[in-house]
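What follows is one structure encoded as structure tokens, with my remarks underneath.
The values are calculated or read from the model by the stated rules, or taken from the named source; none is laboratory data. As the structure is a computational prediction, the values presented were derived from the model and not from experiment. Here the Cβ is made from the backbone with ideal geometry for all residues, glycine too, and neighbour counts use every protein chain on show. These area figures cover heavy atoms from the full protein model, side chains too; ligands, DNA and RNA do not enter into them. Shrake-Rupley method; radii C 1.70, N 1.55, O 1.52, S 1.80 Å.
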Amino acid sequence: QVQLVESGGGLVQAGGSLRLSCTASGRTLSGYTGGWFRQAPGKEREFVAGIRWNDMTYYADSVKGRFTISRDNVKNTVYLQMNSLKPEDTAVYYCAAGVLNTGQHMDDRRYAYWGQGTQVTVSS
């Protein structure tokens with residue numbers, strides 16, 4: 001069993017930056033795909049970024065060039081660096097992990113483990 005704990009959310013002004021962390025316990029994440037999803041009020045959960053076991057990364061079009069996903073296998077942690085934040089980035093951000101095949105990173109049903117979520121609020 002894998003437990004995921006997110007941290008790093010908060011309130012920031014538009015144009016600012018935040019770094020989210022997702023630390024796993026119970027099992028190493030080194031062979032897993034790590035993902036970040038977000039859900040804004042009244043909207044469905046959406047894919048933000050993913051990183052495969054071989055460090056290949058994927059991004060939603062809405063965050064490309066602004067967000068960077070990375071991982072530290074020694075610390076068993078996946079990060080999401082968020083720059084140039086916009087009010088429309090406001091949401092609860094969730095990290096997820098799973099053993100995924102190529103091309104499945106955007107499908108939240110493929111992820112077996114989820115964190116509790118962390119709120120990110122961007123003021124205009």
Exercise. Measuring from centroid to centroid over Cα atoms, what is the spacing of the range 1-30 and the range 62-106 in Å?
Worked result: 9
Exercise. Quick one: Karplus J couplings for the range 91-101, per residue in order, coefficients 6.51, -1.76, 1.60, θ = phi - 60°, nearest Hz, x for Gly and Pro?
Worked result: 4, 8, 9, 10, 9, 8, 9, x, 9, 10, 8
Seminar exercise, completed: If amide H atoms are modeled at 1.01 Å from N in the peptide plane, then the residues at a separation of 5 or more from HIS105, or on another chain, having amide H under 5 Å from its own are none
For this session: Go through the range 70-76 residue by residue and turn each phi into a ³J(HN,Hα) via Karplus (6.51, -1.76, 1.60, θ = phi - 60°); whole Hz please, and just put x for glycine and proline.
Result: 8, 9, 10, 5, 5, 8, 6
Exercise. Carbon and sulfur atoms: what percent of the 1.4 Å accessible area of the chain do they account for?
Worked result: 47
Exercise. Can you tell which of PHE37, ASN54, MET82 lies farthest toward the positive end of the dipole of the chain, using +1 and -1 charges on the Cβ of basic and acidic side chains (Lys, Arg; Asp, Glu)?
Worked result: ASN54
Problem set entry | 5 angstrom amide H check on ARG71, placed H, neighbours 5+ away | TYR79
For this session: Mind checking which of ASN73, VAL122, GLY103 is farthest towards the positive end of the range 65-124's charge dipole, using Cβ charges of +1 (Lys, Arg) and -1 (Asp, Glu) about the Cα centre?
Result: ASN73
For this session: Taking amide H positions as placed in the peptide plane 1.01 Å from N, state which residues far from LEU100 in sequence (5 or more) or on other chains have amide H under 5 Å from it.
Result: THR33
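I'd like the Kirkwood hydrodynamic radius of the range 57-102, using the inverse of the mean 1/r over distinct C-alpha pairs, in Å.
Details: mean 1/r = 0.0808 Å⁻¹.
Radius from the Kirkwood sum: 12.4 Å.
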Exercise. Assigning unit charges at the beta carbon (Lys, Arg +1; Asp, Glu -1) and nothing else, what dipole magnitude in debye, to the nearest 20, does the range 1-102 show about its Cα centre?
Worked result: 120
For this session: Mind pulling up the Rg/Rh value for the range 1-117? Radius of gyration and Kirkwood radius, both on Cα.
Result: 0.93
For this session: Excluding residues on the same chain fewer than 8 positions from LYS64, give the lysines whose Cα lies under 24 Å from its Cα.
Result: LYS43, LYS86
For this session: Tabulate in residue order the Karplus-calculated ³J(HN,Hα) for the range 30-47, using 6.51 cos²θ - 1.76 cosθ + 1.60 with θ = phi - 60°, rounded to whole Hz; enter x for Gly and Pro.
Result: 4, x, 9, 8, x, x, 10, 10, 9, 9, 8, x, x, 10, 6, 5, 10, 5
